[in-house]
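First the structure, in the form of structure tokens, and then the observations on it.
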Amino acid sequence: MNAGGGDMNDILRVGIAGLGTVGAAVVRLLEAQSADLAARTGKKIMVTGVSARDPARERGIDLSGATWFATPKELAVSENIDLFVELIGGDEGAARESVEAALNSGKSVVTANKALLARHGIALARLAEQHGAALAFEASVAGGIPIVKTLREGLAGNRIERVYGILNGTCNYILSRMELEGLSFAECLAEAQKLGYAEADPTFDIGGFDTAHKLAILASLAFGVKLDAEAISIEGVQDISLADLHAADELGYRVKLLGVAQRTSHGVEQRVHPTMVPLSSSIAQVMGVTNAVTVDADAVSELTLVGPGAGGMATASAVVADIADIARGIRSAPFGLPVDHLAPAQKSPMQRHEGGYYIRLAVRNQIGAAAAIATRMAEHEISLESIVQRRARDGDDSVAPVVLVTYATTEASVRQALAQIVKDGHVADKPQVIRIERE
Ligand code: HSE
């Protein structure tokens, strides 16, 4: 016997589908930590089966103990493995088929696939329940940060009010590099792709969809609602300019792409959008590919976890933690509650969102324009915290960049006031609107 409670001769046979950056790192980590993992779990964890698109590719890992399978699905149902690890990606096709096949054959599954979970998480959790199997996905949100276990087990004694964070390393990398180096959006995205942070299709990152997939998982764990990416309002970072980053800095804010889920009087609000956070906040200090998640809860008050959100070894750390849990015999309800006890997620319309707003306008240089804009704001009961007007950087006096910061108001009021201002003909360009998230 040992600390893990099992017989040291017990073996957990692991099958891994997908041997890209993360899959190869998992193999390496299992090998490097083999003795400690055996001592901790009571089982020798061995990779006995693998499947990948290109078996011939040199990966620098030892797969001599593993059988190659032609397809992930064949691996998933093989008698040769006890546990199936899905690292293929995508919400359909081989990933979905193989995970379903593994669960249907009673095998536990570990996955890093946030898109698959956001779309089919409830059906997969139901399958896992029916077959007494585990479905574990620590690596699907915020890479190496153990936020899934924190919400599901660590904070089980709390009522959570809000969970929010920087959940996409690529976007945070782009915004950080733009702000600190003055580089263009396109240059920073190309760098993030080169470093292997971005999704195969980077519009998932910059359009906010990757953050939304992760937020759906967090909201389910935090509030006991069914995962539903359709219930999330999503805006990406593609329209954020250097002008916004500079203006944010002058006003004492920094722009981050946040995923936010919070209890409100009209249900759980879930939203992804570029956000101004106070420069003094802990989340504002998080730069580069690093992720951060903050939880506001009654007993613990505020908790922030910060760590690497993407990259092979960090993500492998979370995958291996799940494998170790399963080796120990842990079978948590995937989303913290039996599937039938999860409530439906309701889309909370953004128009009802309440908070402060940053608004950047290209105001035509005509007498009365500023007064007319202030009047429209007042007509919609929007109180202004600050107004900054500068001469255009290019010296063009026909247009003046004006930045307004509002006290708390509603999205509907802001949108109506701006529609009126545009109609009045006082602005030369589409207004830029960024929501402010205060601590
Ligand atoms: N593309 C993702 C990111 C990878 O940039 O955070 C980790 O999910």
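Looking at the range 1-109, what strands (runs of 3 or more DSSP E) fall wholly within it and have at least 1 residues that are without any contact (Cβ under 8 Å) to a residue 24 or more places away in the chain?
In the range 1-109, no matching strands (runs of 3 or more DSSP E) lie anywhere.
All but one of (1) under 18 Å from LEU151 (Cβ atoms); (2) modelled with pLDDT under 95; (3) surrounded by fewer than 17 Cβ atoms within 10 Å (Cβ to Cβ) hold for ALA345, so report the exception by its number.
Only one criterion in (1) under 18 Å from LEU151 (Cβ atoms); (2) modelled with pLDDT under 95; (3) surrounded by fewer than 17 Cβ atoms within 10 Å (Cβ to Cβ) is unmet by ALA345, namely (3).
When the range 215-258 is examined, which residues are found to be within 20 Å of ARG126 (Cβ to Cβ) and aromatic (Phe, Trp, Tyr)?
PHE223
Within the range 301-315, does at least one residue satisfy the condition of being of a type in the set (Asp, Glu), under 17 Å from ILE436 (Cβ atoms) and surrounded by fewer than 24 Cβ atoms within 10 Å (Cβ to Cβ)? Step through it out loud before you land on a result.
Going residue by residue through the range 301-315, those that are of a type in the set (Asp, Glu) are 302.
Now drop any that are not under 17 Å from ILE436 (Cβ atoms), which leaves none.
Looking for residues that are of a type in the set (Asp, Glu), under 17 Å from ILE436 (Cβ atoms) and surrounded by fewer than 24 Cβ atoms within 10 Å (Cβ to Cβ), one finds none in the range 301-315, hence no.
Does ASP201 count as of a type in the set (D, E, K, R), within 12 Å of the ligand (Cβ to nearest atom), part of a helix (DSSP H, G or I) and assigned by TED's automatic domain parsing to the domain that holds SER282?
Criteria not met by ASP201.
Can you run down the residue pairs with Cβ atoms below 7 Å, 6 or more apart or on separate chains, where the first is in the range 190-206 and free of Cβ contacts under 8 Å to residues at least 40 places away in the same chain and the partner is more than 9 Å from the ligand (Cβ to nearest atom) and not aromatic (Phe, Trp, Tyr)?
Final answer for the pair search is GLU191/ARG177; PRO202/LEU189; PRO202/GLN193; ILE206/LEU189; ILE206/GLY236; ILE206/VAL237; ILE206/GLN238.
Give the residue, chosen from GLY224, GLY169, GLY208, GLY196, that is near the ligand (Cβ under 10 Å from one of its atoms) and on the phi > 0 side of the Ramachandran plot.
GLY196
Could you say which residue among PRO334, PRO278, PRO338, PRO344 is in contact with a Leu (Cβ under 6 Å, 6 or more places away or on another chain) and not assigned by TED's automatic domain parsing to the domain that holds ILE45? Even if it seems obvious, please write down each step before you answer.
Details: PRO278 fails: in contact with a Leu (Cβ under 6 Å, 6 or more places away or on another chain); PRO338 fails: in contact with a Leu (Cβ under 6 Å, 6 or more places away or on another chain); PRO344 fails: in contact with a Leu (Cβ under 6 Å, 6 or more places away or on another chain).
Testing whether each residue is in contact with a Leu (Cβ under 6 Å, 6 or more places away or on another chain) and not assigned by TED's automatic domain parsing to the domain that holds ILE45 leaves just PRO334.
Would you confirm whether or not the range 276-288 contains a residue that is on the phi > 0 side of the Ramachandran plot, within 16 Å of the ligand (Cβ to nearest atom) and assigned to a loop (DSSP other than H, G, I, E, B)?
Taking every residue of the range 276-288 in turn, at least one turns out to be on the phi > 0 side of the Ramachandran plot, within 16 Å of the ligand (Cβ to nearest atom) and assigned to a loop (DSSP other than H, G, I, E, B).
On the given criteria, is TYR357 crowded, with 19+ Cβ neighbours inside 10 Å, hydroxyl-bearing (Ser, Thr, Tyr) and modelled with pLDDT of 90 or more?
Taking the combined requirement at face value, the residue satisfies it.
Within the range 172-193, which residues are within 25 Å of ILE232 (Cα to Cα) and within 9 Å of the ligand (Cβ to nearest atom)?
Of everything in the range 172-193, those that are within 25 Å of ILE232 (Cα to Cα) and within 9 Å of the ligand (Cβ to nearest atom) turn out to be ASN172, TYR173.
Hey, can you tell me all the residues within the range 76-105 that are buried (at least 16 other Cβ atoms within 10 Å of the Cβ), over 29 Å from the mean Cα position of the chain (by Cα) and not charged (D, E, K, R)?
VAL77, SER78, ILE81
If you take the residues in the range 117-140 that are within 16 Å of the ligand (Cβ to nearest atom) and in a helix (DSSP H, G or I), which one is nearest to the chain's Cα centre (by Cα)?
SER140
Could you pull out the residue among GLY157, GLY143 that is at pLDDT below 95 and either within 16 Å of the ligand (Cβ to nearest atom) or under 23 Å from ALA321 (Cβ atoms) (or both)?
That would be GLY143, the only listed residue that is at pLDDT below 95 and either within 16 Å of the ligand (Cβ to nearest atom) or under 23 Å from ALA321 (Cβ atoms) (or both).
Counting only residues that are buried (at least 19 other Cβ atoms within 10 Å of the Cβ) and within 32 Å of the chain's Cα centre (by Cα), which one in the range 399-410 is farthest from ILE382 (Cα to Cα)?
VAL403
Is it the case, given these coordinates, that GLY236 is within 13 Å of the ligand (Cβ to nearest atom) and part of a loop (DSSP other than H, G, I, E, B)?
Against the criterion (within 13 Å of the ligand (Cβ to nearest atom) and part of a loop (DSSP other than H, G, I, E, B)), GLY236 qualifies.
Which of the residues belonging to the range 157-183 are free of Cβ contacts under 8 Å to residues at least 12 places away in the same chain and either of a type in the set (A, V, I, L, M, F, W, C) or part of a loop (DSSP other than H, G, I, E, B) (or both)?
LEU183
Which members of the range 56-75 meet the condition of being more than 32 Å from the chain's Cα centre (by Cα) and aromatic (Phe, Trp, Tyr)?
Selection gives TRP68 alone.
Where the second residue is assigned to a strand (DSSP E or B) and surrounded by 15 or more Cβ atoms within 10 Å (Cβ to Cβ) and the first is among the polar types (S, T, N, Q) and lies in the range 350-377, which pairs have Cβ atoms under 9 Å and are six or more apart or on separate chains?
GLN351/THR410; ASN365/VAL399; ASN365/ALA400
Any idea which of SER301, SER281 is under 17 Å from THR150 (Cβ atoms) and hydroxyl-bearing (Ser, Thr, Tyr)?
Only one candidate qualifies: SER301.
Taking the stated definitions as given, is ARG415 crowded, with 19+ Cβ neighbours inside 10 Å, of a type in the set (D, E, K, R), modelled with pLDDT of 95 or more and not in a loop (DSSP other than H, G, I, E, B)? Spell out how you get there, then give the answer.
On the way: crowded, with 19+ Cβ neighbours inside 10 Å: no; of a type in the set (D, E, K, R): yes; modelled with pLDDT of 95 or more: yes; not in a loop (DSSP other than H, G, I, E, B): yes.
So ARG415 does not fit the description; no.
The values are calculated or read from the model by the stated rules, or taken from the named source; none is laboratory data. As the structure is a prediction and not an experimental result, all values here were calculated from the model. Counting neighbours? That spans all protein chains shown, and the Cβs are built from the backbone with ideal geometry, glycine included.
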